[in-house]
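Take a look at the structure below.
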Amino acid sequence: MLGLLIRLVFLFGILTVIYLLLSKYFRWNRERELKDRFDSGQVRANDRESYVARGMAKYESSLTKKLLLGIFLLPIGLAVLLIYIADFT
């Protein structure tokens, strides 16, 4: 039982690192896209910082941000399913 608990904590730690790295990358990528769009003149806005801030606020409530939680849900759900299949079938 202790071995299983240690493995789950280790798995959760790895998934947390992956989540943080991907979250940081997606935020950086979205911010870069907003700045590039503003610099190319495709946007009619007066202030670059306020345009980027509005775009990042929209990103915070976007589906992409919520889908990143699948990093935790999919592997843990798969492990639970495999344990269920192995024990009860």
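The values are calculated or read from the model by the stated rules, or taken from the named source; none is laboratory data. Quick caveat, the model's predicted, so the values are computed rather than measured. Cβ: placed from backbone, ideal geometry, glycine included. Neighbour counts: every protein chain shown. Surface areas here come from the heavy atoms of the whole protein model, side chains and all, with no ligands, DNA or RNA. Shrake-Rupley method; radii C 1.70, N 1.55, O 1.52, S 1.80 Å.
Quick notes
- Its DSSP H runs of at least 4 residues, each contributing -39,500 (n - 2.57), put the calculated 222 nm mean residue ellipticity of the chain at -28500 deg cm²/dmol, to the nearest 500.
- Protein accessible area in the chain, 1.4 Å probe - carbon and sulfur %: 68 percent
- Cβ-derived FRET efficiency at R0 25 Å, LEU15 paired with SER61, nearest 0.05: 0.60
- Along the axis of the charge dipole computed for the chain (Cβ charges of +1 for Lys and Arg, -1 for Asp and Glu, origin at the Cα centre), the listed residues PHE10, TYR59, PRO75 are led at the positive end by TYR59.
- Each principal axis of the Cα cloud of the chain was evaluated for its coordinate range; sorted largest first, these ranges are 62, 24, 16 Å.
- Spatially proximal lysines relative to LYS66 (Cα-Cα < 17 Å; intrachain offsets below 8 disregarded): LYS24, LYS58
- Reachable aspartates and glutamates from LYS65, criterion Cα separation under 15 angstrom, eight or more residues apart if same chain: GLU31
- Taking Cα centre as origin and charging only the Cβ of basic (Lys, Arg, +1) and acidic (Asp, Glu, -1) residues, the dipole magnitude of the chain rounds to 240 debye.
- Rounded FRET efficiency, nearest 0.05, which uses the C-beta distance separating PHE72 from MET1 and R0 of 22 Å: 0.50
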